[in-house]
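In what follows, a structure is listed as structure tokens, so that the remarks can point back to it.
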């Protein structure tokens with residue numbers, strides 16, 4: 001009889017004890033069966049306004065989810081990163097033109113939020129200028145890459161010249177050819193020199209024709225093809241002697257000369 005009473009007492013304690021433990025267990029915000037469950041969410045805390053034009057090529061984006069311990073990924077110009085806990089990212093050397101940033105959050109259980117996307121325009125370079133496009137390449141050793149050398153927001157361009165410097169242990173220039181600024185059926189001269197021993201290259205180009213053609217707007221004046229030789233950060237830079245000239249052979253002021261960066265992995 002004593003034994004039976006002990007069993008009943010222990011069973012009662014366990015039964016009431018389980019109820020007490022369950023009553024004080026914290027709710028799991030990631031559990032869809034939880035009455036208070038909220039789907040994962042994410043919102044930007046720092047981002048340009050939709051459709052805005054910004055005057056910088058370096059931007060820091062920030063975001064925040066609705067629960068602690070979430071994971072995030074972002075896509076700059078539709079290229080997604082891996083899932084991480086980071087809530088911010090800085091993108092540098094952004095090219096002129098239209099871009100987008102997208103974000104998404106995820107619970108540890110795998111439930112994901114809807115994607116939030118913002119489109120914006122970068123106009124960080126005031127013309128007339130001469131710039132590399134893209135401003136930054138990510139490449140592997142042995143990879144072939146190309147840049148366009150852009151005449152940015154120029155008016156009445158008849159001729160151009162520039163010289164480049166680069167590290168020959170990191171990159172070699174294979175060729176430089178005339179760009180799109182000559183238009184359809186427009187004659188031109190295009191002279192270039194490439195010295196991969198000294199890390200120097202130069203270009204002289206001009207529009208020709210009986211109707212005295214000129215170019216106005218934004219377009220490539222040359223296209224450069226190169227090969228990555230080693231890991232590291234390399235730059236192809238203008239040497240400061242670049243010129244634009246009009247039909248009267250007068251100099252056109254160049255406001256900025258921005259070279260190219262190669263992040264060699």
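The values are calculated or read from the model by the stated rules, or taken from the named source; none is laboratory data. Because the structure is a prediction, the values reported are computed rather than measured. Don't worry about glycine lacking a Cβ; one is built from the backbone with ideal geometry, like all the others, and counts go over all protein chains shown.
Things worth noting here:
- Some residue of the stretch 49-58 being more than 13 Å from residue 115 (Cα to Cα), part of a loop (DSSP other than H, G, I, E, B), in contact with a strand residue (DSSP E or B) (Cβ under 9 Å, 6 or more places away or on another chain) and free of Cβ contacts under 8 Å to residues at least 60 places away in the same chain: yes
- Considering the conditions (1) without any contact (Cβ under 8 Å) to a residue 60 or more places away in the chain; (2) surrounded by 15 or more Cβ atoms within 10 Å (Cβ to Cβ); (3) within 26 Å of residue 265 (Cα to Cα), residue 197 is excluded by exactly one of them, (2).
- Count - residues of the stretch 63-78 that are modelled with pLDDT of 95 or more and either exposed (fewer than 15 other Cβ atoms within 10 Å of the Cβ) or on the phi > 0 side of the Ramachandran plot (or both): 2
- Looking only at the stretch 254-265, and only at residues there that are under 18 Å from residue 203 (Cα atoms) and assigned to a loop (DSSP other than H, G, I, E, B), the one that is farthest from the chain's Cα centre (by Cα): 254
- Inspection of the stretch 89-104 finds a residue satisfying the criterion of being over 16 Å from the mean Cα position of the chain (by Cα) and touching a residue at least 60 places away in the same chain (Cβ under 8 Å).
- Among the residues of the stretch 156-213, just one is under 31 Å from the mean Cα position of the chain (by Cα), over 30 Å from residue 230 (Cα atoms) and assigned to a loop (DSSP other than H, G, I, E, B), namely 183.
- For the stretch 95-111, a residue qualifies if it is assigned to a strand (DSSP E or B) and buried (at least 16 other Cβ atoms within 10 Å of the Cβ), and the qualifying residues are 99, 101, 102, 103, 104, 105, 106.
- For the stretch 59-94, a residue qualifies if it is under 26 Å from residue 148 (Cβ atoms), in a loop (DSSP other than H, G, I, E, B) and out of contact with any strand residue (DSSP E or B) (no Cβ under 6 Å at 6 or more places or on another chain), and the qualifying residues are 78, 92.
- Selection from the stretch 224-244 of residues that are in a strand (DSSP E or B) and more than 14 Å from residue 160 (Cα to Cα): 224, 225, 226, 227, 228, 232, 233, 234, 235, 236, 237
- For residue 143, the test of being more than 30 Å from residue 69 (Cβ to Cβ) and in the same structural domain as residue 242 (by TED's automatic domain parsing) is passed.
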